[in-house]
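The values are calculated or read from the model by the stated rules, or taken from the named source; none is laboratory data. Since we're looking at a predicted model, the values are computed, not measured. FYI the Cβ positions are ideal-geometry reconstructions off the backbone, even for glycines, and counts take in every protein chain you see.
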Amino acid sequence: MIIEDDPRVCQLLENGLKEEGRTLHVLSTCEDAFQDIDKGLIPEVILLDLGLPGMGGLAFLNVVRKQYPFIKVIVVSADDGVDTIVEAMRLGALDFITKPFKLQDVRVSVNEALQFRHLQMDLERKTQRTVFNDEAHFLYTSKAMAEVMETIQRVASTTVPVLITGDSGVGKELVAREIHQRSDRRDGPFVKVNCAALPPNLLEGELFGFEKGAFTGAVKSKPAKFERANNGTLFLDEIGELEHGLQAKLLHVLQDGSFTRLGSNQMIKSKARIIVATNRNMEAAVNQGEFRSDLYYRLNVIRVHVPPLRERPSDIMLLAEHFLAMNNEKFGKDVEFDDDTKAFILQNSWPGNVRELQNAVSRYVVLGKLGSGFELGGKQLISSDLGRGGAPDEPPPGPADNEGVSEPVNRIAAPELTHPDDGMTLKEIGRNAARQAEKKAILGVLEATKWNKSQAAKILKISYKALLYKIKDCGIERTEN
């Protein structure tokens with residue numbers, strides 16, 4: 001993204017960076033930049049002039065540093081005063097290039113900023129994998145999630161209960177884990193209990209434990225989750241589904257810090273920190289008598305609301321790229337998003353939020369261009385639809401769209417399946433059919449483009465490197481006519 005109000009400088013930067021294949025977005029004010037970022041247009045690097053109309057460059061830098069930590073900013077300015085340079089670097093600028101400038105200096109600085117950003121993102125993924133699991137995704141660029149993180153940082157060092165609210169799939173558990181990891185209890189256990197996953201009698205035994213012989217089937221004693229989470233964090237998910245009897249017992253633990261196992265009179269102390277989460281409207285549940293008001297007020301000391309993805313579109317592509325990298329590594333793939341696919345992802349409201357986005361990207365990586373059909377953003381798609389960002393009722397591209405290819409790629413005839421009598425399993429038959437279809441599609445496009453592999457990769461919407469791998473994997477060889 002270039003934020004510059006001098007058309008001549010804009011043109012110079014555009015010409016110089018387009019030569020290196022950069023995708024550019026040029027704006028003249030910081031206000032326009034924030035508006036586009038909030039809509040989901042997240043640049044990797046910003047070239048920023050300081051003397052802009054409206055919001056100044058330094059004020060813009062300060063906001064980016066706090067709210068959009070993964071965006072890297074390079075200042076390009078005629079104001080070369082020492083105080084200005086020091087202040088810009090203090091506010092997070094990676095480099096300060098003075099006008100007039102050499103294009104080569106800008107190119108070098110942009111390349112270094114991109115490299116630094118990619119290293120930072122890789123480090124973030126590896127750190128989260130170590131702390132949590134392979135699917136951790138507490139990444140953000142939106143102002144809304146920056147405010148969530150600010151609250152997390154403030155409450156992490158305390159021991160008061162935290163109530164996390166938000167729609168299904170927004171990442172409430174990740175917020176709870178982030179609070180735990182940033183607290184002085186990080187070396188203690190993080191214990192999760194889903195209050196909606198078990199019937200009340202079993203849930204009571206999980207939460208408070210039981211002694212041998214406490215009820216039929218209790219052949220040995222079982223410690224409570226409160227005991228397991230001692231000196232750590234106990235995360236109670238779907239707290240709104242807790243039935244009244246257990247609500248009273250939970251309230252007692254919160255008040256006294258002690259409880260008894262089922263079948264025992266011995267009081268057990270617990271120093272577990274309690275974090276709860278729900279997707280319900282808790283005020284409505286209290287008013288309707290479905291949830292105890294005294295327990296609600298006891299839990300609602302600190303409240304963290306996680307907004308849905310539709311309210312933070314600037315996070316969507318950051319998360320999608322993260323999931324793409326994770327799945328490529330997991331499945332040994334080299335799949336990339338093309339511009340149409342990115343646009344399609346950004347245009348969806350994602351009612352299932354981060355969880356739905358994560359699952360959609362996983363399917364995209366696994367099925368590639370050979371998926372028979374799957375859901376993305378609430379619409380039924382075939383694999384070619386996802387590749388071009390279209391909906392199922394849109395017509396396939398014609399010959400002109402495919403740069404001279406006589407037939408659209410998604411109309412290539414399916415291969416003949418291996419007959420079951422050949423001794424192959426159903427899985428092997430499916431794998432063989434997929435390979436044949438892939439080989440036929442690739443070969444058809446290569447022949448149509450006269451074996452221009454770069455052009456073929458664009459038509460097939462895969463990377464050049466991935467196409468070379470597929471050619472080798474499918475055993476495709478060029479035959480001279």
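Taking the conditions (1) in contact with a strand residue (DSSP E or B) (Cβ under 7 Å, 6 or more places away or on another chain); (2) outside any helix (DSSP H, G or I) in turn, Gly205 satisfies each one other than (2).
Residues in segment 25-41 that are surrounded by fewer than 19 Cβ atoms within 10 Å (Cβ to Cβ) and modelled with pLDDT of 90 or more: His25, Val26, Ser28, Thr29, Glu31, Asp32.
Across segment 104-138, the qualifying residues are those that are at pLDDT 90 or above and in contact with a Gly (Cβ under 8 Å, 6 or more places away or on another chain), and the one among them that is farthest from Cys10 (Cα to Cα) is Arg107. All conditions in (1) surrounded by 15 or more Cβ atoms within 10 Å (Cβ to Cβ); (2) in a loop (DSSP other than H, G, I, E, B); (3) at pLDDT below 90 hold for Leu50, with the sole exception of (3). Of the residues making up segment 280-306, those that are assigned to a loop (DSSP other than H, G, I, E, B), touching a residue at least 60 places away in the same chain (Cβ under 8 Å) and surrounded by 18 or more Cβ atoms within 10 Å (Cβ to Cβ) number 1.
Among the residues making up segment 321-340, those that are over 15 Å from Val366 (Cβ atoms), in a helix (DSSP H, G or I) and in contact with a helix residue (DSSP H, G or I) (Cβ under 9 Å, 6 or more places away or on another chain) are Glu321, His322, Asp340. For segment 167-202, taking the residues that are of a type in the set (Gly, Ala, Ser) and part of a loop (DSSP other than H, G, I, E, B), the one that is modelled with the lowest pLDDT is identified as Ala197. Across segment 155-166, the number of residues qualifying as in a loop (DSSP other than H, G, I, E, B) and crowded, with 17+ Cβ neighbours inside 10 Å comes to 3.
A quick yes/no check of all residues on (1) in contact (Cβ under 8 Å) with a residue 60 or more places away in the chain; (2) surrounded by fewer than 16 Cβ atoms within 10 Å (Cβ to Cβ):
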site	(1), (2)
Asp187	no, yes
Val191	yes, no
Pro199	no, yes
Gly217	no, yes
Val253	no, no
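Taking segment 1-24 as the range and being within 19 Å of Lys99 (Cα to Cα), at pLDDT below 90 and exposed (fewer than 13 other Cβ atoms within 10 Å of the Cβ) as the test, only Asn15 passes.
Which one is farthest from the chain's Cα centre (by Cα), of the residues in segment 59-92 that are within 22 Å of Ser142 (Cβ to Cβ) and surrounded by fewer than 19 Cβ atoms within 10 Å (Cβ to Cβ)? Once the filter is applied, the top-ranked residue is Ala59.
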